[in-house]
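To start, the structure itself, in structure tokens.
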Amino acid sequence: MFASLVPPRPALDDLETALAALPPTEEETPALRWVPAHQRHITLAFHGDVPDQETERIRTELATLASLTPPPILRLAGAGMFSDRVLWAGVQARGPGGASSSGPAETTRDPLVELMIACRDAVSEDGRRRRPGVGAPGAADAAASPASTSSVPTEDAWDSDSPAEDPVPHLTLARSSRGGVGVEQLRRRAAELADYTGPEWRAGALLLMRSQLGAGPRGTAHHTVVAELPLAG
């Protein structure tokens, strides 16, 4: 289970146009596994395998957080890699009336990074102990260290691609095959997308989603929306 934001259709279509314009490479098809366009999303917090009895608690905690969070203004921009195996598009963010962040690896002053930290802390036992109540990102306790332990099983604190110790707002585009195959193709694509800048949009709702590995077309993951939680404003 994970919390996410899904870009609107114009942003996804603009990204798809940019990807379609990349120079073709014959060796890419077996080497890279591209995320299907309908599954592209910005992961805020990865909660791992959540028992059914925990789902409602997590939904309630995140609904409260969302209701107190001003919707950030976002855009996809630039690209990068994780561990020579994951290609991603970066996400730039600014508050409703604030300046834009400088890039996808911004500090917790970035409203989207703050939201990532808050989503993790809202459902973690350690996060709730540190806070007298669930607060919106931007409160003094919302920038707590990303090293705390979640009360639910997690693959890592952010999602299955991003390093736990360094929350990086991103949208996963492709993964290399096992055994290091596809690394050069990922590097080439990251360089080609380095100057990409998509249209801005205002985030509207946080989505709580459940993922079933291997249940989608051609063995991909199948994502199901558990709850759509509107942001404030």
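The values are calculated or read from the model by the stated rules, or taken from the named source; none is laboratory data. Keep in mind it's a predicted model, so treat the numbers as computed, not measured. Cβ sites come from the backbone with ideal geometry, for glycine too, and all protein chains shown count toward neighbours. Only protein heavy atoms, including side chains, enter the accessible area calculation; ligands, DNA and RNA are left aside. Shrake-Rupley method; radii C 1.70, N 1.55, O 1.52, S 1.80 Å.
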Subject >> Index of the failed condition, residue 55 passing every other in (1) outside any helix (DSSP H, G or I); (2) closer than 21 Å to residue 225 by Cα; (3) open to solvent by less than 30 Å² (accessible area, probe 1.4 Å) >> reply: (1)
Subject >> Pair list, Cβ under 6 Å, 6 or more apart: segment 68-79 residue of a type in the set (S, T, N, Q), other residue at pLDDT below 95 >> reply: 69/136; 69/137; 69/232
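Quickly run through segment 32-52 and pick out the residues that are assigned to a strand (DSSP E or B) and either among the hydrophobic types (A, V, I, L, M, F, W, C) or under 14 Å from residue 208 (Cβ atoms) (or both).
The first filter runs over segment 32-52 and keeps only residues assigned to a strand (DSSP E or B), leaving 32-34, 42-46.
Selection gives 32, 34, 42, 43, 44, 45, 46.
When the residues of segment 188-225 are narrowed to those that are among the aliphatic types (A, V, I, L, M), more than 17 Å from the chain's Cα centre (by Cα) and assigned to a loop (DSSP other than H, G, I, E, B), which ends up modelled with the lowest pLDDT?
Step one: of segment 188-225, the residues among the aliphatic types (A, V, I, L, M) are 190-191, 193-194, 203, 205-209, 213, 215, 221, 225.
From what's left, more than 17 Å from the chain's Cα centre (by Cα): 190-191, 193-194, 213, 215.
With the extra rule that they be assigned to a loop (DSSP other than H, G, I, E, B), the set shrinks to 193-194, 213, 215.
Numbers: 193: 97, 194: 97, 213: 57, 215: 48.
Only one residue fits best here, namely 215.
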Subject >> Candidate set from segment 15-52 (those that are closer than 18 Å to residue 190 by Cβ and acidic (Asp, Glu)); member that is surrounded by the most Cβ atoms within 10 Å (Cβ to Cβ) >> reply: 28
**OP:** Residues being assigned to a loop (DSSP other than H, G, I, E, B) and under 18 Å from residue 111 (Cβ atoms): count how many of those fall in segment 65-90.
**Re:** 5
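A quick yes/no check of all residues on (1) crowded, with 22+ Cβ neighbours inside 10 Å; (2) closer than 21 Å to residue 1 by Cβ; (3) modelled with pLDDT under 80:
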{"site": "79", "(1), (2), (3)": "yes, no, no"}
{"site": "106", "(1), (2), (3)": "no, no, yes"}
{"site": "145", "(1), (2), (3)": "no, no, yes"}
{"site": "150", "(1), (2), (3)": "no, yes, yes"}
{"site": "170", "(1), (2), (3)": "yes, yes, no"}
{"site": "175", "(1), (2), (3)": "no, yes, no"}
{"site": "179", "(1), (2), (3)": "no, no, yes"}
{"site": "182", "(1), (2), (3)": "yes, no, no"}
{"site": "186", "(1), (2), (3)": "yes, no, no"}
